[in-house]
1. Residues 314, 290: which one is surrounded by fewer than 17 Cβ atoms within 10 Å (Cβ to Cβ), more than 22 Å from residue 129 (Cβ to Cβ) and in contact (Cβ under 8 Å) with a residue 40 or more places away in the chain?
2. What residue, among those in the stretch 239-270 that are over 30 Å from residue 13 (Cβ atoms) and under 18 Å from the mean Cα position of the chain (by Cα), is surrounded by the most Cβ atoms within 10 Å (Cβ to Cβ)?
3. Checking the conditions here, which among 223, 199, 156, 193 is in contact with a strand residue (DSSP E or B) (Cβ under 8 Å, 6 or more places away or on another chain), modelled with pLDDT of 95 or more and exposed (fewer than 15 other Cβ atoms within 10 Å of the Cβ)?
4. Quick one: residue 231 ticks every box in (1) under 20 Å from the mean Cα position of the chain (by Cα); (2) over 30 Å from residue 316 (Cα atoms); (3) part of a loop (DSSP other than H, G, I, E, B) except a single one, so which number is it?
5. Any residue that is at pLDDT below 65, surrounded by 19 or more Cβ atoms within 10 Å (Cβ to Cβ) and either more than 17 Å from the chain's Cα centre (by Cα) or part of a strand (DSSP E or B) (or both) - is there at least one of those in the stretch 50-67?
6. Looking at the stretch 210-228 only, could you name the residues that are over 20 Å from residue 133 (Cβ atoms), in a helix (DSSP H, G or I) and touching a helix residue (DSSP H, G or I) at 6+ places or on another chain (Cβ under 9 Å)?
7. Quick one: which of 95, 99 is at pLDDT below 65 and not in a loop (DSSP other than H, G, I, E, B)?
8. What tally of residues in the stretch 263-287 results from selecting those that are over 22 Å from residue 202 (Cβ atoms) and touching a residue at least 24 places away in the same chain (Cβ under 8 Å)?
């Protein structure tokens, strides 16, 4: 039985007026729903490990200001129904088309301050199959470690590559289908290490911006079998040197993927529902630290510290 509730005239939100000054908790007018829209009450939101770098301007993500967080919709990633180029991350990135910029600066300006961790979109995009072997690199951050778990739930064998050996060993100890390779930034050494586990079918790159000088993508490409596939999902802002000869002679396929499609969401939910993708403690989650909205600065710091450790920082408004 449905119930009717009156929306409050105002609500508290974490508002970013400019990247040159820190966010502030303010009381602002509550958005009113129009035709085809809904207002959602947010119970809790996960904090990105690099949230502070987004909102202090370090990452130089384009978004309009002032930028209110902590309210309004079910998902941070929005893609236009009729125009797939209209895609943006609410509260994080306004996208690359004029349509996406117009939407985020207008009706979709209010955002949920949340993390969206769906490497599943990239894995499905390269059609990862059960029994295949995939390199995931870097595998030691929050996105990469989640990609390892998702790939395993899809029935693949994973070669987890990264710099932090402690996190790599923890990933390996959790599943006997995980092999590990430490990134030495020496292409010949790393390629040989990746090849020692047999034929490699695919690679998922999910690098942060600061990995632009890393050689792991080249090493991964050189380790792939004939006909292998590469998914580029990372946030590297510069250009990459691709080993053209290897890509051509080995008939390799390189695909870029930003986030995911509607079908990917349904597929991920099914993996959880049937028990292939474990959540919480069963999935290796080691703990959650809860912060109030006024403790946002402490939450940002904790999230950065927890990166790749299996711990999470959560803001409960």
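1. Result: 290 is the single residue among 314, 290 that is surrounded by fewer than 17 Cβ atoms within 10 Å (Cβ to Cβ), more than 22 Å from residue 129 (Cβ to Cβ) and in contact (Cβ under 8 Å) with a residue 40 or more places away in the chain.
2. Only one residue fits best here, namely 257.
3. Going through 223, 199, 156, 193 in turn, the sole match is 199.
4. Every listed condition holds for residue 231 apart from (3).
5. yes
6. Correct list: 211 only.
7. Exactly one residue qualifies, and that residue is 99.
8. 6
The values are calculated or read from the model by the stated rules, or taken from the named source; none is laboratory data. Here the structure is a predicted model, which is why all the values come from computation and not from measurement. Cβ sites come from the backbone with ideal geometry, for glycine too, and all protein chains shown count toward neighbours.
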